[in-house]
Amino acid sequence: MKLDAFLVGIPVAFLAALAAPRLGSAGGPLHMGLVTNIGVAVMFFLHGAAVSIDALKSATAQWRLHLLVHCTTYVLFPAIGLAVFLATRPLLPEELRLGFFYLCCVSSTVSSSVALTSLAKGNVPAAMFDATLSALMGMVLTPLLVGTVTVTSGASAPLLPEVTAILVQLLAPFAAGQLLRPVLARLLHRHKHLVREVDQLVILLIVYSAFCTAAGSGFWVRSNALKLLELLALTVGLLAGMLTLTTLASRALGFSREDEVAGVFCGSKKSLVNGAPIAKVIFGASPTLGVIMLPLLFYHPLQLIVCSLLARRYAARAGPWRSSART
């Protein structure tokens, strides 16, 4: 497995924030609030221009697979997150508990789910359909789900204003990109890595700005390393549990090997590409933003490493497979 420059960039952004937190904090000389807002708009514009709705239509009939993916993403994950949020009240700080719940409310990944499904020789059209639909649903469902916890915990509730802000800041550029797709599709096809590179750059800027704000508030000085290790253990357990549950559910429903692959990868993964911009809208320039994003930042590299190994295992077994019903 090659060293991923993006994964290296996350700890580099953290160290840069510790070295000079004022540079990237809210109101700092780099004006990171404005820079990241522009970057997020460009990112979702390119996503809109890159998505072919016609290419997704062939997978719409596989409703059982779609139901599994979206119930896992927006029902089972949040239910587990809520249980952990309540059960760890004496163990973890409020920001880390909220961050874990936020991780559970984020949409599935798009590019990596499709790429891993392809590597594992699974149902790529279905993975593309579910991952794209999950990202669009997350623009509304993620802030609503987070709002249920912030209400019960006594914090401000990111409900209607934040949903509206997300629709304006994320969905509007996406829709504009979709409208201009006939003009831009050929260009994006020639430069296939452009969308991915813009995604990674914008996420690193958001992460850097959030870490700077957290460092300026003194969180990293006050933080307890043991609490972070406990959070990491919870994140590892969450990934292992969701991979197991999606695999068992796929087999219980009689999915083919190809559909099982799509269900496991789309149903167990969480998107940093969508999670970082939505967190920025919901929590704004709060000093807790960097802390709230920590569980998602833990989960992201873990899911890539584990699912890459799992995809190779699926691919090696792509020949003989038990007889099963199609969805």
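Odds and ends about this structure:
- Listed by first and then second residue, the pairs linking a residue in region 302-327 that is within 13 Å of VAL261 (Cβ to Cβ) and of a type in the set (Lys, Arg) to a residue that is in a loop (DSSP other than H, G, I, E, B) and modelled with pLDDT under 85, with Cβ atoms under 6 Å apart and 6 or more places separating them unless they lie on different chains, form an empty list.
- Meets criteria (touching a residue at least 60 places away in the same chain (Cβ under 8 Å), out of contact with any Pro (no Cβ under 9 Å at 6 or more places or on another chain) and farther than 21 Å from ALA311 by Cβ) for THR88: yes
- Scanning region 24-34 finds no residues that are at pLDDT 85 or above and either assigned to a helix (DSSP H, G or I) or touching a His at 6+ places or on another chain (Cβ under 6 Å) (or both).
- Exclusive hit being β-branched (Val, Ile, Thr), over 21 Å from MET128 (Cα atoms), part of a helix (DSSP H, G or I) and in contact (Cβ under 8 Å) with a residue 12 or more places away in the chain, set VAL273, VAL291: VAL291
- Here region 196-215 is the region considered, the condition is being at pLDDT below 80 and over 15 Å from GLY33 (Cα atoms), and the residue that is surrounded by the most Cβ atoms within 10 Å (Cβ to Cβ) is ALA215.
- Selection status of SER118, among the hydroxyl-bearing types (Ser, Thr, Tyr) and either buried (at least 19 other Cβ atoms within 10 Å of the Cβ) or at pLDDT 85 or above (or both): yes
- Selected residue (criterion: modelled with the highest pLDDT) from residues of region 247-270 that are among the hydroxyl-bearing types (Ser, Thr, Tyr) and surrounded by fewer than 24 Cβ atoms within 10 Å (Cβ to Cβ): THR247
- Taking first residues from region 135-148 that are at negative phi and partners that are of a type in the set (Gly, Ala, Ser) and surrounded by fewer than 20 Cβ atoms within 10 Å (Cβ to Cβ), the Cβ contacts under 6 Å between residues at least 6 apart in sequence or on separate chains come to GLY147/ALA157.
- Cβ-Cβ under 8 Å pairs, at least 6 apart or on other chains, region 199-218 side over 18 Å from LEU272 (Cα atoms), far side in a helix (DSSP H, G or I) and of a type in the set (D, E, K, R): CYS212/ARG22; GLY216/ARG22
Results for (1) on the phi > 0 side of the Ramachandran plot; (2) surrounded by fewer than 23 Cβ atoms within 10 Å (Cβ to Cβ); (3) at pLDDT below 90, shown as yes or no for each residue.
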residue	(1), (2), (3)
PRO277	no, no, yes
ALA285	no, yes, yes
PRO295	no, no, no
GLY319	no, yes, yes
SER324	no, yes, yes
THR327	no, no, yes
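- Number of residues in region 100-129 that are in contact with a Leu (Cβ under 7 Å, 6 or more places away or on another chain), in a helix (DSSP H, G or I), within 24 Å of PRO295 (Cβ to Cβ) and not hydroxyl-bearing (Ser, Thr, Tyr): the value is 4.
- Filter result for the condition that a residue is under 22 Å from the mean Cα position of the chain (by Cα) and crowded, with 23+ Cβ neighbours inside 10 Å, over SER52, SER108: SER108
- The lone exception for LEU68 - which of (1) of a type outside the set (S, T, N, Q); (2) within 30 Å of ASN224 (Cα to Cα); (3) touching a helix residue (DSSP H, G or I) at 6+ places or on another chain (Cβ under 6 Å) it fails: (2)
The values are calculated or read from the model by the stated rules, or taken from the named source; none is laboratory data. All of these numbers come straight from a predicted model, not from anything done at the bench. Glycine gets a Cβ as well: all are built from the backbone with ideal geometry, and neighbour counts include every protein chain shown.
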